[in-house]
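To start, the structure itself, in structure tokens.
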Amino acid sequence: MGNKTILERLSLDGRTSLVTGGGSGIGRSFCHALGEAGAKVAVVDIDLSAAETVRDELLTRGMQAVAIRTDVTSESDVTAMVERVVDKWGSLTIAMNNAGIGIWRDSIDMTMEEWQNVININLSAVYLCAREEAKVMANSGYGKIVNTASMSGHIVNTPQNQAAYNTSKAGVLHLTKSLAAEWAAKGIRVNSISPGYTKTLLVEKLLETPEGQSMLPKWLEKIPMNRMATPEDLQGAAIYLSSEASDYTTGSDIIIDGGYCTW
Ligand SMILES: NC(=O)c1ccc[n+]([C@@H]2O[C@H](COP(=O)([O-])OP(=O)(O)OC[C@H]3O[C@@H](n4cnc5c(N)ncnc54)[C@H](O)[C@@H]3O)[C@@H](O)[C@H]2O)c1
């Protein structure tokens with residue numbers, strides 16, 4: 001047994017972190033979780049006022065936080081995001097690449113612009129962020145990258161049609177494994193979290209459409225636990241994968257879906 005207890009190894013005291021898409025939903029709950037566990041948190045979002053609101057929530061709770069406006073698809077924005085964290089806190093240990101979008105489209109009607117937009121934000125930007133974060137982490141020989149994938153990267157959830165989304169998230173899973181293998185020698189662990197249906201703005205917006213309203217009962221009957229996740233349901237995995245407790249875990253994915261993928 002080592003010198004630290006398991007609760008000490010789960011602590012993020014003094015760690016520095018960033019969360020993309022931190023201004024809303026799952027990202028916001030990751031920001032609160034990291035802050036509660038002791039980390040300094042950069043709340044990153046394309047929507048600066050959303051990021052500032054979450055930053056203020058954290059500051060009010062006595063945590064250290066900063067808001068950064070970043071479009072994760074922009075190389076110059078992503079470089080500046082990492083620089084800003086390092087300038088402010090001197091390091092970057094934990095990076096949660098979580099920003100993402102969802103669309104429902106019949107594949108036969110989808111435009112290439114729609115396809116590219118989903119792939120750019122959900123997959124290519126995860127690579128871009130990880131690349132820039134890894135440069136800093138490699139210098140210190142230690143880092144934790146946690147990507148938000150989805151149960152939709154494992155299975156095709158129905159009845160909505162979302163081939164671009166499913167494909168982007170399957171890509172995130174394999175990107176995670178590829179980077180984990182490549183960067184293990186640099187001390188960088190790369191893992192992912194795959195949420196099932198989670199009550200956030202992204203899902204609420206989809207459910208407001210006429211198509212969406214008929215969807216909820218169909219979703220619930222396919223979830224063994226018969227409810228959607230709350231963003232808080234995902235926090236334990238976020239802290240585990242960000243902490244020393246997971247130092248031998250890399251290239252892994254944690255599915256948190258109320259059992260959806262078991263059937
Ligand atoms: N909600 C679910 O049911 C669910 C399920 C599985 C996976 N996910 C994934 O979880 C992640 C977060 O989703 P959510 O439900 O919290 O959504 P959300 O819409 O509530 O939050 C997403 C955040 O990302 C930000 N964002 C979007 N594009 C961006 C860009 N180009 N640059 C920077 N920020 C950008 C948005 O402004 C928003 O604040 C996404 O990757 C999503 O695919 C969600």
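The values are calculated or read from the model by the stated rules, or taken from the named source; none is laboratory data. All figures in this text were calculated on a predicted structure; none of them were measured in a lab. Note that each Cβ is placed from the backbone with ideal geometry, even for glycine, and that neighbours are counted across all protein chains shown. When the accessible area is computed, the model is the full protein with side chains, heavy atoms only, and any ligands, DNA or RNA have been set aside. Shrake-Rupley method; radii C 1.70, N 1.55, O 1.52, S 1.80 Å.
Below are the figures for this structure:
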item	result
Answer residue from the range 43-85, given it is within 9 Å of the ligand (Cβ to nearest atom) and part of a strand (DSSP E or B) and is least open to solvent (accessible area, probe 1.4 Å) among those	Val44
Some residue of the range 246-253 being over 29 Å from Ser140 (Cα atoms), of a type in the set (Ser, Thr, Tyr) and open to solvent by 10 Å² or more (accessible area, probe 1.4 Å)	no
Subset of the range 33-42 [in contact with a Leu (Cβ under 7 Å, 6 or more places away or on another chain) and within 16 Å of the ligand (Cβ to nearest atom)]	Leu34, Val41, Ala42
Filtered residues of the range 200-243 (kept if surrounded by fewer than 17 Cβ atoms within 10 Å (Cβ to Cβ) and within 30 Å of Thr93 (Cα to Cα))	Leu201, Leu202, Thr230, Glu232, Gly236
Test: residue in the range 205-228 that is in contact with a strand residue (DSSP E or B) (Cβ under 9 Å, 6 or more places away or on another chain) and without any contact (Cβ under 8 Å) to a residue 12 or more places away in the chain	no
Candidates Lys222, Lys218 - the one that is away from the ligand (no atom under 12 Å from the Cβ) and modelled with pLDDT under 95	Lys218
Every residue from the range 163-199 that is crowded, with 20+ Cβ neighbours inside 10 Å, part of a helix (DSSP H, G or I) and under 14 Å from the mean Cα position of the chain (by Cα)	Ser168, Lys169, Val172, Leu175, Thr176
Residue identified as within 12 Å of the ligand (Cβ to nearest atom), open to solvent by 60 Å² or more (accessible area, probe 1.4 Å) and touching a residue at least 60 places away in the same chain (Cβ under 8 Å) among Arg28, Arg9	Arg28
Enumeration of residues in the range 143-162 that are over 16 Å from Ser124 (Cα atoms) and part of a helix (DSSP H, G or I)	Met151, Ser152
Inter-residue pairs, beta-carbon under 8 Å, first within 15 Å of Tyr127 (Cβ to Cβ) and in the range 96-108, second open to solvent by 40 Å² or more (accessible area, probe 1.4 Å) and near the ligand (Cβ under 8 Å from one of its atoms), 6+ apart	Ala99/Ile46; Gly100/Leu202
Scope the range 25-51; condition small (Gly, Ala, Ser) and closer than 23 Å to Glu132 by Cα; matching residues	Gly27, Gly35, Ala39, Ala42, Ala51
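Every residue, every condition in (1) modelled with pLDDT under 95; (2) within 14 Å of the ligand (Cβ to nearest atom); (3) open to solvent by 60 Å² or more (accessible area, probe 1.4 Å), yes or no:
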site: Gly100; (1), (2), (3): no, yes, no
site: Ile108; (1), (2), (3): no, no, yes
site: Gln116; (1), (2), (3): no, yes, yes
site: Leu128; (1), (2), (3): no, yes, no
site: Glu133; (1), (2), (3): no, no, no
site: Val136; (1), (2), (3): no, no, no
site: Asn139; (1), (2), (3): no, no, yes
site: Lys144; (1), (2), (3): no, no, no
site: Ser150; (1), (2), (3): no, yes, no
